[in-house]
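The structure appears right after this line, and notes come after that.
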Amino acid sequence: MKKSRVIEWNRRYKERWEDVHNDARSGQPKMQRIDAIVDSVRTLICSDQRLSVQMMAEELSMNWETVWQILKEDFGMRKISAKMVP
């Protein structure tokens with residue numbers, strides 16, 4: 001843990017800070033699993049199972065890790081011999 005974080009928590013403790021939840025953060029969450037994104041990945045993989053994860057990510061303008069996680073967790077797919085199969 002960083003020293004700055006410990007100092008911040010110490011300051012809040014002295015001020016009788018009781019909220020244990022994280023402060024609101026600006027920006028977009030790391031990964032958004034919206035039905036539209038999952039459907040677009042499904043459509044793309046159904047059109048050509050030989051597409052690589054990197055190619056799908058470039059076509060959908062997404063991070064390849066997000067595409068891989070959707071394929072693996074939502075569809076239960078894995079790569080076998082240049083094809084994505086269930």
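The values are calculated or read from the model by the stated rules, or taken from the named source; none is laboratory data. Computed from a predicted structure; not experimentally measured. No Cβ is skipped: glycine too gets one built from the backbone with ideal geometry, and neighbour counts run over all protein chains shown.
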Inset, instruction - Could you please let me know if MET62 is at pLDDT 85 or above, outside any helix (DSSP H, G or I) and buried (at least 16 other Cβ atoms within 10 Å of the Cβ)? - result: yes
Legend entry - Single unsatisfied condition, CYS46 versus (1) modelled with pLDDT of 80 or more; (2) hydrophobic (A, V, I, L, M, F, W, C); (3) surrounded by 10 or more Cβ atoms within 10 Å (Cβ to Cβ): (3)
